[in-house]
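Below is one structure; the comments refer to it alone.
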Amino acid sequence: MNREYQGSNTDPRILYAMFLPTEHGVKQLRTGWADGPAYITQCPIQPGQAYVYNFTLTGQRGTLWWHAHILWLRATVHGALVILPKLGVPYPFPKPHTEQVIVLGEWWKSDTEAIINEALKSGLAPNISDAHTINGLPGPGQGCASQDGFSLEVQPKKTYLLRIINAALNEELFFKIANHQLTVVEVDATYVKPFKTDTIVIAPGQTTNVLLETKQKLGNYLIAASPFMDAPIIVDNKTAIATLHYSNTLGSTITSLTSLPPKNATPIANTFTDSLRSLNSKKYPANVPLKIDHKLLFTVSLGINPCPTCVNNSRVVADFNNVTFVMPKTALLQAHFFKIKGVFSDDFPGNPPVVYNFTGTQLTNFGTTKGTRLYRLAYNSTVELVLQDTGMITPENHPIHLHGFNFFVVGSGKGNFDSKNDVKKFNLVDPVERNTVGVPAGGWTAIRFRADNP
């Protein structure tokens with residue numbers, strides 16, 4: 001875990017690796033080359049080589065994380081990045097007794113690189129994980145030699161700040177602690193209006209800070225992370241288990257259990273996400289763009305393209321606006337800076353090339369176009385982007401992360417986005433500010449941001 005103060009300069013050194021770490025959520029103001037995505041900001045670090053990431057944490061505080069950013073290496077190569085407020089600046093909530101990082105993840109019995117390579121070779125979806133984990137441990141009953149799982153020891157009548165990170169590759173997760181309420185105070189390193197809940201939902205790449213008050217009697221209490229999926233998608237349905245252990249509890253004390261949400265508990269997930277509001281105080285305002293220069297709509301879909309060497313002679317692919325991204329051999333930022341021609345084009349469509357009932361009857365042609373196509377924005381322009389799920393092959397919830405920026409989630413809903421009526425319901429006062437958002441299965445999410453970080 002890296003702990004830094006807001007405004008500090010960091011110098012993490014990465015040695016002997018064939019990957020790139022990205023500081024997920026760090027804005028990288030004027031240091032875009034330190035962002036980390038392979039072949040986007042730079043080429044991967046070669047085996048036996050070293051690279052020094054040098055960037056300044058400006059105007060950010062809270063819980064973020066870092067992870068490898070090529071293929072599936074981030075399944076195991078990741079960690080917390082905690083940015084503390086400037087010295088002398090208090091939290092806008094009661095000061096906790098202490099803090100604890102909680103990293104939720106996925107675990108496979110096989111080498112994750114072998115799994116994704118086999119999927120790419122066969123053209124089929126990769127195998128689902130074999131277990132979920134809490135701080136690297138699945139807990140009892142998961143076929144693991146370490147049966148106890150992670151244990152968080154606490155003292156009675158104290159307040160703890162839990163910094164929760166979803167480092168899973170694919171799945172949104174529910175998180176709860178038996179017989180305890182959680183007060184949500186921050187998401188993706190931005191403060192929110194505090195609210196109490198017994199269950200949080202967190203998408204891959206997201207972080208959530210909660211206050212835990214240890215008001216119960218001495219004992220052991222179940223901590224659980226279980227999947228949320230409200231679409232006909234096969235997921236790892238195993239629950240990761242840990243223990244909240246009150247100090248001086250007898251060793252023979254039975255752990256208090258809790259009921260877990262059903263895998264498809266959409267109302268619980270919606271209640272949580274709808275409760276998220278920016279703090280929007282004088283010190284921490286919500287500067288939502290009101291005048292918009294670019295109104296974009298990206299469909300988020302799956303497709304099927306020909307592949308002579310694959311099973312069934314086809315490959316399952318992902319796409320935005322029916323464009324499947326082709327990874328370049330030269331990093332995009334490098335090509336832009338040195339004006340290298342032929343690496344990318346700037347003709348990515350701002351709207352779907354074919355408009356149809358995205359969440360209803362689907363097109364019969366599942367093929368996509370392929371290319372390294374970008375959408376160009378002028379510096380300081382304002383953007384409204386609607387992310388629309390489709391039923392192409394199957395509806396699915398999609399976590400979307402925007403590198404180098406935070407954005408405001410101004411609206412979301414089920415079905416197809418209605419540009420005339422849905423915009424009237426946008427929250428332009430105190431929408432939650434994030435860097436990663438989950439696009440609901442069979443629905444849409446609208447975000448706004450200012451393009452001020454070239």
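Summary table below
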{"item": "Two-site FRET efficiency, residue 43 against residue 309, from Cβ-Cβ distance with R₀ of 25 Å, rounded to 0.05", "result": "0.45"}
{"item": "Mean residue ellipticity (222 nm) of the chain, computed from DSSP H runs ≥ 4 via -39,500 (n - 2.57), nearest 500", "result": "-1500 deg cm²/dmol"}
{"item": "Computed E for residue 237/residue 124 - FRET, C-beta separation, R0 25 angstrom, nearest 0.05", "result": "0.80"}
{"item": "Within straight-line cross-link reach of residue 27, aspartates and glutamates at Cα separation under 14 Å, skipping those fewer than 8 residues along the same chain", "result": "35, 188, 433, 452"}
{"item": "Residue-span extension gain [residue 153 to residue 263] - 0.36 nm each, minus C-alpha spacing", "result": "36.7 nm"}
{"item": "Cα→Cβ-extended label distance, 7 Å offset, between residue 87 and residue 370, nm", "result": "5.5"}
{"item": "Eligible lysines near residue 282 by straight Cα distance, threshold 19 Å, same-chain separation 8 or greater", "result": "86, 193"}
{"item": "Residue 294/residue 98 FRET efficiency (R0 41 Å; Cβ-Cβ; nearest 0.05)", "result": "0.40"}
{"item": "Whether the stretch 187-326 is rounded, prolate or oblate, judged on the alpha carbon gyration tensor where a/c under 1.5 counts as rounded", "result": "oblate"}
{"item": "Cα gyration tensor, the stretch 294-451 - rounded (a/c under 1.5), prolate or oblate", "result": "oblate"}
{"item": "The stretch 337-410-the stretch 146-196 distance, computed between alpha-carbon centres (Å)", "result": "32"}
{"item": "Cα gyration tensor category, rounded, prolate or oblate, for the chain with a/c compared to 1.5", "result": "rounded"}
{"item": "Extension reserve of the residue 114-residue 330 stretch, reckoned as 0.36 nm per residue once the Cα distance is removed", "result": "75.3 nm"}
{"item": "Partners for residue 109 among lysines (Cα-Cα distance below 19 Å; same-chain residues under 8 apart left out)", "result": "238"}
{"item": "In degrees, nearest ten, helix 112-122 long axis to first principal axis of the chain (Cα)", "result": "30"}
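Values in this text are rule-based calculations from the coordinates and carry no lab data. What you see is a predicted model; the values in this text were computed from it and never measured. Counting neighbours? That spans all protein chains shown, and the Cβs are built from the backbone with ideal geometry, glycine included.
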